[in-house]
Amino acid sequence: MSGERPAPDGLTSAIVAIDEWEHAVHAWVRLDIEGARATPPSDGSLAGLAVGVKDIFDTANLPTEYGSPIYAGHRPARDADVVAKLRAAGAIVLGACAALTWVVSASVGVASA
């Protein structure tokens, strides 16, 4: 597409891994590969690092549903601070990763050392 930059190796590797494993892992609730590829180049400390953002952190360019059907289609007005900081450092947001409803679970395990 016109105006897109070539995907950096990290982004390409992430996309290949998603294509290979997502059918078994089901980690993503939404992907924006075209948007990720269109992200302007950066020289920040995380330049080109492909990241998935848990579906509990607001992303201005994607719906954020907090793992709940109550928020289906919710479009935040801005990025959560952590997402804005990732982008400012050059990270490329690939999409939203699955989350339990409001990140609450009936069973919580604690690993012992």
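Just so you know, all these numbers are worked out from the coordinates, no wet-lab data involved. Just so you know, these numbers come straight off a predicted model, no measurement behind them. So basically every Cβ, Gly included, is an ideal-geometry build from the backbone, and we count neighbours across all protein chains shown.
Can you give the relative contact order of segment 61-100 as a percent, counting alpha carbon pairs under 8 Å and 6+ residues apart? It would help to have the intermediate numbers written out before the result.
On the way: 29 pairs, mean separation 16.9, N = 40.
RCO, segment 61-100: 42 percent.
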Separation of the residue 89 and residue 34 label points, Cα + 7 Å toward Cβ, nm: 3.0
Residue 19/residue 54 FRET efficiency (R0 22 Å; Cβ-Cβ; nearest 0.05): 0.55
Protection-proxy order for peptides 36-44, 62-70, 15-23, each taking the mean of Cβ atoms within 10 Å per residue, highest first: 62-70, 36-44, 15-23
